[in-house]
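The values are calculated or read from the model by the stated rules, or taken from the named source; none is laboratory data. Just so you know, these numbers come straight off a predicted model, no measurement behind them. Here the Cβ is made from the backbone with ideal geometry for all residues, glycine too, and neighbour counts use every protein chain on show. Heavy atoms of the whole protein, side chains included, go into the accessibility calculation; ligands, DNA and RNA do not. Shrake-Rupley method; radii C 1.70, N 1.55, O 1.52, S 1.80 Å.
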Amino acid sequence: MTWLYAEANPFAGATGSFTGQIDYLAKAIAAIPHGSGLVIEGPAQGISPPPNVVVSTDPPYYDNVPYADLSDFFLVWHRRMLGKTLPIFPTMLSPKSEELVADHVRWGSRAAAKSRFEHGFEQVFEALGKSHDPAVPMTVYYAFRQSDVEGDGTASTGWETVLEALMKAGWAIDGTWPMRTEQAGGLRVLGRNSLASSVVVVCRRRDETFGTTDRRGFISALEAELPGALRRLQQGQIAPVDMPQAAIGPGMAVFTRYAAVLEPDGSKMNVRSALARINEVLDQVLAEQEGDFDAPSRFAIAWYRQHGYGAGSFGNADSLARARNTAVDAMDREGLLTSRAGKVQLIKPEDLNSEYDPAADAHTSNWEALHHLIKVLERDGIAPAGDFLLEALSRPDGAVDADLVKELAHLLFRIAEGNGWTKDALSFNTLVTSWPEILEVARAERTAPGSAQGAFDFDEDE
């Protein structure tokens, strides 16, 4: 374990200083509505809240953080300095027996740790359900991104356990929504079991009169409802890296609508199986969005899925292009790909022409706009990227659509992540997370004083 810390000047008045920390606390306290409060120290499993409370909680992330073990690093020094002053250090080390984390080392096996964690969560949410105000949803924050690949698809033990416990405690999932809570230097790292955002799970008490359905009925309901939900998520400020977790909400809203979803053998579908089905339909919906794009972009998506930015044979590329009503030679001339010596290869963002002018290009596509936008963003930053987007959207032929560029980044991220192309995935994810700022620059350019530029109908929800 390596601890990271900052040796800041305590009197500097900047972030990390003593006065800065006090100022942050004072601002937070000033923003809290006035009134009395009650602080209780004890295990959450034994909680007895007063009636009609509103619950918003950030529970432990399964086995992701060993909170008690980390506390021991500090407790031994605090106890030595403050043990005689504050009666809060009765033990040599932090108590661990009632800690609600799935620590398989402490509890003997992963199965035992999972069972104990799930049972503890069920106890907590059952108690909260008895006291919670039914007029207000409960919100549960979660920032865990583990994926387990098994025979029935990809799921997550952490998510599965939390959702299973919520359902057993009588809660239904209304939806999920990401919130920017994690720092870029902390949890926000691709390839780790963490998210760019915390995902807020919105819950209400389950209606015990719900009926049952079978697997086919559940999947049909997902196919009917998930496309619209996914479109709304993409139009928001959600990062592609968080999309599978955010899609759990509308998917589980369908699953928890029923008292039971029956498998072909008559058994009840569990949460792990439901999450696998949600992921399958999510991939299917993203694939179906390909029909929204122009012909060159549809070709490039299909070629990227097969080869990434690597080379493939001209014969295969020609067949794929003809099926999408375009031609390899035309896309070569337009700078979308290279076709040399019987090999075809998509052009990476960093290899694109630095002098490209989207307004002067005779033929362009959403694929080209996306890739040039990534190049400008990574090379020059937000403001030049916003200028580029404005130029691309100013084309009189309307060849570039802002919503489709963003959707394309979501789709390509999913493909890149599934193939382990981390650098590509990071580029697509960064573009989407920067999209509000890029769009803001484009708006500012459009409305500058004295500008003759006409207005674009940007979606205010983006």
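Descriptive notes on the structure:
- Near VAL55, the amide H atoms lying under 5 Å from its own belong to ASP133, THR139; only residues 5 or more places off or on other chains count, and H is placed 1.01 Å from N.
- Label assignment, Cα Rg over 2.2 N^0.38 Å derived from the structure, set (i) 1.66; (ii) 1.05; (iii) 1.14: (iii)
- Annotation for the stretch 198-251 versus the stretch 26-73: alpha-carbon center distance of 28 Å.
- 3J(HN,Hα) from dihedral phi, the stretch 96-102, Karplus parametrisation 6.51/-1.76/1.60, rounded to Hz, x for glycine, proline: 10, 5, 9, 5, 9, 10, 8
- The simple Förster model, with R0 at 35 Å and r as the Cβ-Cβ distance, assigns HIS34 and ALA444 a FRET efficiency of 0.35.
- Pairs from LYS96/LYS423; LYS114/LYS423; LYS343/LYS423 whose Cα-Cα separation, in the structure shown, is over 32 Å: LYS96/LYS423; LYS114/LYS423
- Close amide H pairs (under 5 Å, H built 1.01 Å from N) link ALA172 with ARG204, ARG205, ARG206, residues at least 5 positions away or on another chain.
- Helix-only CD estimate at 222 nm, as mean residue ellipticity for the chain, using -39500 (n - 2.57) per DSSP H run (n ≥ 4): -15000 deg cm²/dmol
- Peptide packing for 351-362, 60-71 was compared via the average number of neighbouring C-beta atoms within 10 Å per residue; ordered from the highest value, the list is 60-71, 351-362.
- Cα point-scatterer Debye curve for the stretch 242-317, base-10 log of I(q)/I(0) at q = 0.14 Å⁻¹: -0.65
- The amide H of ASP294, built 1.01 Å from its N in the peptide plane, has ASN366 as neighbours under 5 Å, considering only residues 5 or more places off or on other chains.
- Selection from VAL162, ALA321, PRO43 lying farthest towards where the dipole of the chain points positive, charges on Cβ: PRO43
- Ordering of 112-124, 364-376, 399-411 by burial proxy (mean other Cβ atoms within 10 Å per residue, highest first): 364-376, 399-411, 112-124
- Helix 382-393 and the longest principal axis of the C-alpha atoms of the chain enclose an angle of approximately 50°.
- Remark: the Cα gyration tensor places the stretch 260-396 in the prolate category, a/c being 1.5 or greater and a/b exceeding b/c.
- Estimated vicinal HN-Hα couplings, Hz - the stretch 56-70 in sequence order (Karplus 6.51, -1.76, 1.60; Gly, Pro = x): 9, 9, 10, x, x, 8, 6, 10, 6, 10, x, 4, 5, 4, 5
- Using C-alpha pairs under 8 Å with a sequence gap of at least 6, the mean separation divided by the residue count of the chain gives a relative contact order of 11 percent.
- Shown in residue order for the stretch 423-439 are the 3J(HN,Hα) couplings computed by the Karplus curve 6.51 cos²θ - 1.76 cosθ + 1.60 at θ = phi - 60°: 4, 4, 4, 5, 5, 5, 5, 5, 4, 5, 5, 8, 4, x, 5, 4, 5 Hz (x for Gly and Pro).
- Solvent-accessible heavy-atom area per residue, rounded to whole Å², over the chain at 1.4 Å: 52
- Here the chain exposes an accessible surface that is 54 percent carbon and sulfur, computed with a 1.4 Å probe and the other protein chains kept in place.
- Maximal additional length on extending the LYS84-ASP318 stretch stands at 76.3 nm, based on 0.36 nm per residue less the C-alpha distance.
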